[in-house]
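Shown next, in structure tokens, is the structure this report addresses.
The values are calculated or read from the model by the stated rules, or taken from the named source; none is laboratory data. Owing to the predicted nature of the structure, the values given are computational and were not obtained by experimental measurement. In this analysis, Cβ positions are derived from the backbone assuming ideal geometry, glycine residues included, and neighbour counts consider all displayed protein chains. Calculation scope for accessible area: heavy atoms of the full protein, side chains included, ligands and nucleic acids excluded. Shrake-Rupley method; radii C 1.70, N 1.55, O 1.52, S 1.80 Å.
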Amino acid sequence: LLAMQALAFVQAPLRARSLPLTHEVRAAISAASSAGGGLGLDAAAIAAEAPATSSGFLAALRDEPAGTYLELMAPLVRAVDITYFSSSGPSLNASMVDATIPKEDASGEDWVRAPELEADPTDGGVHMRVFVDHKNKKVICGFRGICVDNEFRQCNVDKCFLKSFQAFGEISDIAYATSADCGTFAGEMDYFEQAEGLVKRVQAELVGYSVLLTGHSLGGALSISVAASQPGVLKAVTFAPTAFHEILRQHVGLSEVDILSLPSDELIAVGDPYDCLINAAYVPKAREGATTCLLEGLEEPAPCVPRMQKDAAFDTVRLPQTMMCKGSTHDWLRYSKILLEQGVGGAPLHLPTCSTAFSTSQAELIEV
């Protein structure tokens, strides 16, 4: 109970490698498309039309050359802001409903919303916002993270989806406590399929546009999972995504070999070390297949102690404190500020350290 109360408390602010397109890859993409809901979309054809450029995400995250970090991150952070606060639910802000990525954060790009391609289910399901730069033929699809207020049906459905594949391992029932019986929503646990269908619709309507997926928390997990379903075509830069290994296995249908063969430099998870590594302590293959970029050296919330990042037994014995740390570091409002902080001369203040090794468990099982 204490752990559930701690998590609810710290989450409360949210309320007010590229693969060549070989014959085999194209065939796999086409097969995935055929199973994707009758949208008449040939993803291999879209791949042929889309710009065939290297993502360069890892260089940008090192700010090489200077200025590229903010060029990449500022539009994505603003897209996630809007995705949270323009969607129905407890975080809705009426002034954000029609908002788009502001010009001062767009690096000369002109982003407009495509509301006809978006999704905002009030009763539960996948929430997505679409931003289009027609001049440069670019699209950003932003997926919302979970909402936590159990007075809203959609928040309960979000949590039940995460519990359906044990997104927080053995403590999933605590981390994602609901006020409803998840059995009631048994027919609504198709979040990946919803997200995949929405992105395919964007691809069908905007053929030849490059599509970048983003999101925080659940939104990040959906972004990477959908991108993994079209490797070399879709890319994702996300923030503290919920552990998505089992989505890749159960919903995308990937084997362990498939997952390890994904273009990890085009599937990016950026996050606070405590936020990302506590999750991986409970889900050892949490972000396998992706590159995790840790924002090291931050001023961390008081409940956080270094041992939490590696010692699963320690985390469990001190679960309320662990959940306070996890929740505090996971808060999107904190990320929104930290990610775009600038120092002298406008240089980014917090550049992450990136490695595929950070995507899986650093846990040491130690008796306490």
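In terms of its alpha-carbon gyration tensor, the stretch 212-291 comes out oblate; a/c meets the 1.5 threshold, while b/c is at least as large as a/b. Ranked by the mean number of other Cβ atoms within 10 Å of their residues, highest first, the peptides 173-180, 82-89 fall in the order 82-89, 173-180. Taking amide H as placed 1.01 Å from N in the peptide plane, the amide H of Ala286 sits under 5 Å from that of Ser361, each at least 5 places away or on another chain. Quick check: from the Cα gyration tensor, does the stretch 266-347 come out rounded (a/c under 1.5), prolate or oblate? Here the stretch 266-347 falls in the oblate category.
Here the Karplus curve 6.51 cos²θ - 1.76 cosθ + 1.60, taken at θ = phi - 60°, turns the phi angles of the stretch 102-110 into couplings of x, 4, 5, 10, 9, 6, x, 7, 10 Hz, with x standing for Gly and Pro. 3J(HN,Hα) along the stretch 153-163, derived from phi through the Karplus expression 6.51 cos²θ - 1.76 cosθ + 1.60 where θ = phi - 60°, amounts to 4, 4, 5, 5, 5, 3, 5, 5, 4, 5, 5 Hz, with x in place of Gly and Pro. Note on Lys137/Gln250: beta-carbon distance plugged into 1/(1 + (r/R0)^6) with R0 of 25 Å gives a FRET efficiency of 0.15. Judged by the gyration tensor of its Cα atoms, with axes a ≥ b ≥ c, the stretch 158-267 is prolate; a/c meets the 1.5 cut and a/b is the larger of a/b and b/c. What the Cβ-Cβ distance of Ala180 and Val112 gives, at R0 = 35 Å and to the nearest 0.05, is a FRET efficiency of 0.40.
Annotation for the stretch 291-337: chymotrypsin sites (Phe, Trp or Tyr not before Pro) lying in DSSP loop with at most 15 further Cβ atoms inside 10 Å of their Cβ do not exist.
Per-residue 3J(HN,Hα) values for the stretch 211-221, derived from phi via the Karplus relation 6.51 cos²θ - 1.76 cosθ + 1.60 with θ = phi - 60°, read 10, 10, 9, 8, x, 10, 6, 3, x, x, 4 Hz in sequence order (x marks Gly and Pro). Calculated accessible area for the stretch 237-318 comes out at 31 Å² per residue, all protein chains present (probe 1.4 Å; ligands, DNA, RNA ignored).
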